[in-house]
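Presented below is the structure to which this report refers.
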Amino acid sequence: MHPMVELVICVLLLIGSGFMLIGAIGLARLPDFYMRLHGPTKSTTLGVGGVVLASVVYFSVRGGGLSLHEMLVTAFLFLTAPISAHMLAKAAIQHRLPVIERTRGRAWTPGRSVAEADRDDTECPGPDHP
């Protein structure tokens, strides 16, 4: 295998692993459910995408061309991660999970329109407000 291809594969693996590590740290250290949801859905998804992309490059250079299985896994990952995060957030709102004060935004309440909720969110005082 060409040394330049090995370098590309190593860089993709390191970038993917770095994103997965950041996502895992975020999952463990962030204070409430809504903040913790960002770790696995954003950075870990990118990390797994980087590792799968490294696999695509490796097996494409090794012979056999592009693997349909790896492309389908990548497409499935990038389609399902945001959908599952959305469903988890909706379930958390319905169960009225506790939120720390620093979490921005307001939970939707029945009888309040989306426009009212948006207006309330923009009028929410910043962190330096007494």
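The values are calculated or read from the model by the stated rules, or taken from the named source; none is laboratory data. Please read these numbers as outputs of a predicted model, since none were measured by experiment. We place every Cβ from the backbone using ideal geometry, glycine too, and count neighbours over all the protein chains shown.
Summary of computed values
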quantity	calculated
Matching option when the condition is more than 21 Å from residue 85 (Cβ to Cβ), surrounded by fewer than 19 Cβ atoms within 10 Å (Cβ to Cβ) and more than 11 Å from the chain's Cα centre (by Cα), among 66, 30	66
Subset of segment 69-90 (residues that are surrounded by 15 or more Cβ atoms within 10 Å (Cβ to Cβ) and of a type in the set (Gly, Ala, Ser))	81, 85, 89
Close pairs (7 angstrom Cβ cut-off, 6 or more residues apart or separate chains): part of a helix (DSSP H, G or I) in segment 81-97, polar (S, T, N, Q) and modelled with pLDDT under 90 anywhere	81/41; 81/45; 82/41; 85/41
Among the residues listed as 122, 109, 80, 103, the single one being among the polar types (S, T, N, Q), at pLDDT 85 or above and over 29 Å from residue 6 (Cα atoms)	80
Single condition residue 51 does not satisfy, out of (1) touching a Ser or Thr at 6+ places or on another chain (Cβ under 9 Å); (2) aliphatic (A, V, I, L, M); (3) under 19 Å from residue 87 (Cα atoms)	(3)
Cross-chain or 6+ apart pairs with Cβ under 7 Å, segment 53-80 first and farther than 17 Å from residue 16 by Cβ, then of a type in the set (A, V, I, L, M, F, W, C) and assigned to a loop (DSSP other than H, G, I, E, B)	61/1
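Each row is one residue, and each column tells you yes or no for (1) assigned to a helix (DSSP H, G or I); (2) surrounded by fewer than 17 Cβ atoms within 10 Å (Cβ to Cβ); (3) of a type outside the set (Gly, Ala, Ser).
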{"position": "10", "(1), (2), (3)": "yes, yes, yes"}
{"position": "15", "(1), (2), (3)": "yes, no, yes"}
{"position": "26", "(1), (2), (3)": "yes, no, no"}
{"position": "34", "(1), (2), (3)": "yes, no, yes"}
{"position": "40", "(1), (2), (3)": "yes, no, yes"}
{"position": "47", "(1), (2), (3)": "yes, no, no"}
{"position": "50", "(1), (2), (3)": "yes, no, no"}
{"position": "53", "(1), (2), (3)": "yes, no, yes"}
{"position": "60", "(1), (2), (3)": "yes, yes, no"}
